[in-house]
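A.B. asks: Take this structure, written in structure tokens, and hold onto it; I'll ask about it next.
The values are calculated or read from the model by the stated rules, or taken from the named source; none is laboratory data. Model, not experiment: these values are computed from the prediction. Every residue, glycine as well, gets a Cβ built from its backbone with ideal geometry; the counts of neighbours run over all protein chains shown. Areas reflect the complete protein model, heavy atoms only, side chains present, ligands, DNA and RNA absent. Shrake-Rupley method; radii C 1.70, N 1.55, O 1.52, S 1.80 Å.
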Amino acid sequence: MKTARNLDHLPPYLFAQIDAKRDALVSQGIDVISLGIGDPDIPTPEHIVEAMAQAIRNPANHRYPDYAGSKDYRQACAGWMQRRFGVELDPATEVLALIGSKEGIAHIQTAFVNPGDYVLAPSIGYPVYSGGATLMHAQTYFMPMRAENGFLAEFDTVPGEILAQAKILFIGYPNNPTGAIATPEYFDAAIAFCKEHDLLLVHDNAYSELGFDGYVAPSILERPGAKEVAIEMFSLSKTYNMTGWRIAFACGNPTAIKALGTVKNNLDSGQFGAIQEAAIVAMESSQDCVAQMCVLYQRRRDLVLDALHAIGIECEAPKATIYVWVKIPEGYTSASFAEKVLTEAHVIVTPGSGYGPDGEGFIRISLTTPDELLLEAVRRIKETMAK
Ligand code: MLT
């Protein structure tokens, strides 16, 4: 049996590969601490779980949901965007429910990309930007991202011949994995660039709510003219500790939302209605639980930075996200450092090279592990490096 050629070009999914390594060690009875995937360790807030418990008993939710998301869900998303960012959206045409933003990021490529086209992805970015392109028999052009430029993807360096075949430009700030944030001027330049080159701009805003030191992240849709070229992906996963629920939404340019909806209604039948109801409660009730998560992650961030500092590893304090992006010591590649830390310290960190070419030389530490385990992990890394 011969599988499609595009699968041969698809690298193993970064986190599936890391999980497999972890499982192999755990099955040998080894106590592994994972600072790998960004998967909140704190449960979904009780009021959201309770809303789900009620919604699941409603027989109306046992039938097929609306393909695009229920009217109430899309209205709640639009209301949240209005309250949070002052962005006005028509829930009927400018909002679409997603089964997690990961599927939206992959499927928007089915809607816009033809075989042989280019997708412009940050050279350090969520692996699904390029994986989605490969699944479409398309190519990825990695836009440079450098520390000295604040890890802002340098779209203005993309060669003309690539641009002529490009369909989508992906960016995401607050950035996974670097924790970098973008200025309004950067967003304006990206919007102007996409208008000039007839590109769909997809802004991945999965970490908008997790800001530190008073930082409040914007939506790209706040910027003038954004809706003419951009859609934004929001996820409830990290904001409300709902990674397992698979609930998110895309919003913005109505042509792109319609096209993504067309792909999806041919591929899936929408997200379970009860999950949408719980998500409405998440977005419409008090946001204190989100503020508490910011306090928790900021504390963990500082704890990790202090511990790394104590062992001679310096890194910038991110203003947002749930990650710390760390330059590795001389003499290692990202993969060899991550491998050493895994096999000798039994700590999982994510090799930066898994996020694209400019990620080489870095690892990512996720803050979604209890404080005492985070500290124990850094202690183990220190011990390993001292050997
Ligand atoms: C991450 O660790 O980058 C994310 O949690 C992975 C994901 O959202 O799929």
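A.B. asks: Would you grab the residues whose amide H sits under 5 Å from the one on residue 320? Only those 5+ places off in sequence or on another chain, please, with H modelled 1.01 Å from N.
C.D. replies: 212
A.B. asks: For residue 21, list the aspartates and glutamates whose Cα falls under 19 Å from its own Cα; do not include residues on the same chain fewer than 8 positions away.
C.D. replies: 31, 39, 339, 344
A.B. asks: While we're looking at this one, here's another question. Using a simple spin-label model with points 7 Å from Cα along the Cα→Cβ vector, what separation in nm is obtained for residue 216 and residue 60?
C.D. replies: 3.4
A.B. asks: Could you tell me what fraction of 2.2 N^0.38 Å the Cα radius of gyration of segment 291-341 comes to, as a two-decimal ratio?
C.D. replies: Output field value: 1.28.
A.B. asks: With Kirkwood's inverse mean 1/r over C-alpha pairs for Rh, give me the Rg to Rh ratio of segment 128-264, two decimals please.
C.D. replies: 0.94
A.B. asks: Based solely on its DSSP helices, what 222 nm [θ] is calculated for the chain when runs of n ≥ 4 H residues each add -39,500 (n - 2.57) and the sum is averaged over all residues, nearest 500 deg cm²/dmol?
C.D. replies: Computed mean residue ellipticity for the chain: -12000 deg cm²/dmol.
A.B. asks: A further question follows. To the nearest 20 debye, what charge dipole does segment 195-252 have about its Cα centre, counting +1 at the Cβ of each Lys and Arg and -1 at the Cβ of each Asp and Glu?
C.D. replies: The calculation lands at about 200 debye.
A.B. asks: Output ³J(HN,Hα) for segment 257-274: one whole-Hz value per residue in order, computed from phi by the Karplus curve 6.51 cos²θ - 1.76 cosθ + 1.60 with θ = phi - 60°, and x for Gly and Pro.
C.D. replies: So the Karplus estimates, Gly and Pro as x, are 5, 5, 5, 5, x, 5, 4, 5, 6, 8, 10, 9, 10, x, 7, 3, x, 5 Hz.
A.B. asks: Can you divide the C-alpha Rg of segment 46-284 by 2.2 N^0.38 Å and report the result to two decimal places?
C.D. replies: Rounded to two decimals, the normalised Rg is 0.99.
A.B. asks: Also: Give the carbon-plus-sulfur fraction of the accessible surface of the chain in %, rounded to a whole number; probe 1.4 Å, heavy atoms of protein chains only.
C.D. replies: Carbon and sulfur together cover 54 percent of it.
A.B. asks: Also: Using the Cα centre of segment 46-284 as the reference point, and only Cβ charges (+1 on K/R, -1 on D/E), how large is the resulting charge dipole? Debye, rounded to the nearest 20.
C.D. replies: Roughly 620 debye for segment 46-284.
A.B. asks: Given H placed 1.01 Å from N in the peptide plane, which residues other than close sequence neighbours of residue 166 have an amide H under 5 Å from its amide H?
C.D. replies: 118
A.B. asks: How far apart, in nm, are the 7 Å Cα→Cβ label points at residue 8 and residue 292?
C.D. replies: 5.3
A.B. asks: Turning to a different aspect of this structure: Per residue of segment 161-170, what does 6.51 cos²θ - 1.76 cosθ + 1.60 with θ = phi - 60° give for ³J(HN,Hα)? Whole Hz please, x for Gly and Pro, Karplus curve as stated.
C.D. replies: Coupling constants for segment 161-170: 5, 6, 4, 4, 10, 8, 10, 10, 10, 9 Hz.
A.B. asks: Might you tell me the accessible area per residue for the chain, computed with a 1.4 Å probe and given in Å²?
C.D. replies: That works out to 43 Å² for each residue.
A.B. asks: If you only keep lysine pairs separated by 8 or more in sequence, or across chains, how many in segment 46-284 come under 27 Å at the Cα atoms?
C.D. replies: Counting lysine pairs in segment 46-284 gives 23.
A.B. asks: Excluding residue 212 itself, calculate the net charge of residues whose Cβ lies under 11 Å from the Cβ of residue 212, where each Lys or Arg counts +1 and each Asp or Glu counts -1.
C.D. replies: Net local charge, residue 212 excluded: +2.
A.B. asks: HN-Hα J couplings of segment 104-117 from phi, Karplus 6.51/-1.76/1.60, θ = phi - 60°, integer Hz, Gly and Pro as x?
C.D. replies: Ordered by residue, 3J(HN,Hα) equals x, 5, 6, 6, 4, 6, 4, 6, 10, 10, 9, x, x, 5 Hz.
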